[in-house]
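In what follows, a structure is listed as structure tokens, so that the remarks can point back to it.
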Amino acid sequence: MRTALLQSSGRPGSVAENLKVLDAAAGRAAAAGAALLAAPEMFLTGYAIGDDIARLAEPADGDSADAIADLAGRHGLAIAYGYPEREGDTVLNSAQLISAGGERLANYRKTHLFGPFERAHFAPGEQPVVQAELGGLTLGLMICYDVEFPENVRAHALAGTDLLVVPTAQMHPFQFVAESMIPVRAFENQMYVAYVNRAGREGEFDFVGLSALAGPDGIARVRAGRGEDLLLADADPAFLAASREANPYLQDRRPGLYGSLV
């Protein structure tokens, strides 16, 4: 499945402008044969926007979700994007997957909040594994800091995730996560990992870019630099099956020895 990664911070504070950026990227991705476009963490509104996070937060089925469903349908590809989700008085850091037919396939709420900024603005999610079927693959959703916990990714592997999509707001000085940890996560869990980051300075944060689609062999199929970009790479089910046969990590586990983990 050809996958497009939109490395961009969009236009922080403007939902309307970010929808335009997403629309243009979807057109380019669809023209290149992509079946899925993934955008970064909090792409809909911007990340470092302070109290505007709560002001701009929307329900999972809100107006922006409808707008993205419309543009997904017009361009004929699925879209995964990060946004602030409102549920009553609670605001969550969420990622949603919408199909090429405009159907809301999955909505994930970030379970591990990073630092005082996120803990001040969001409540944590409580469901670690959220999946949907897309293009013959089982797609999972996770957000940024979540992927740095090996237990989280292993839970996805055990649940059958083939392609883990990780909208991200990865900042300096933690670029080693993008460069080193993401390919290792893909290899040790025998899956594809699409890690799609913001880029450039935003408020107090300096986002490092370096978005990648890493394969189950631990090799990044494509890697961005530090600036805005649209990457394209394939998640190949046949290669994934062969890699899992050759690297039987999941079959060779001994869960009876791991009780101390919990």
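The table below gives the values:
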{"item": "Residues being farther than 23 Å from residue 198 by Cα and touching a Lys or Arg at 6+ places or on another chain (Cβ under 8 Å) - total across segment 124-161", "result": "2"}
{"item": "Residue count, segment 11-32 (criterion: outside any helix (DSSP H, G or I) and in contact (Cβ under 8 Å) with a residue 60 or more places away in the chain)", "result": "2"}
{"item": "Sole residue being closer than 24 Å to residue 127 by Cβ, aliphatic (A, V, I, L, M), surrounded by fewer than 17 Cβ atoms within 10 Å (Cβ to Cβ) and touching a residue at least 40 places away in the same chain (Cβ under 8 Å), chosen from 250, 163", "result": "250"}
{"item": "Residue selected from segment 213-230 under the condition in contact (Cβ under 8 Å) with a residue 40 or more places away in the chain and open to solvent by less than 10 Å² (accessible area, probe 1.4 Å), by the criterion farthest from residue 51 (Cα to Cα)", "result": "213"}
{"item": "Condition broken by residue 199, with the remaining ones in (1) within 17 Å of the chain's Cα centre (by Cα); (2) open to solvent by 20 Å² or more (accessible area, probe 1.4 Å) satisfied", "result": "(2)"}
{"item": "Residues being of a type outside the set (Gly, Ala, Ser), assigned to a loop (DSSP other than H, G, I, E, B) and under 29 Å from residue 247 (Cβ atoms) - total across segment 202-219", "result": "4"}
{"item": "Per-region count, segment 128-163, residues over 23 Å from residue 104 (Cβ atoms), out of contact with any helix residue (DSSP H, G or I) (no Cβ under 8 Å at 6 or more places or on another chain) and among the aliphatic types (A, V, I, L, M)", "result": "1"}
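The values are calculated or read from the model by the stated rules, or taken from the named source; none is laboratory data. Since this is a predicted model, take the numbers as computed values, not measurements. All Cβ positions, glycine included, derive from the backbone under ideal geometry; neighbour counts span all protein chains shown. In case anyone asks, the SASA skips ligands and DNA or RNA and just uses the protein heavy atoms, side chains included. Shrake-Rupley method; radii C 1.70, N 1.55, O 1.52, S 1.80 Å.
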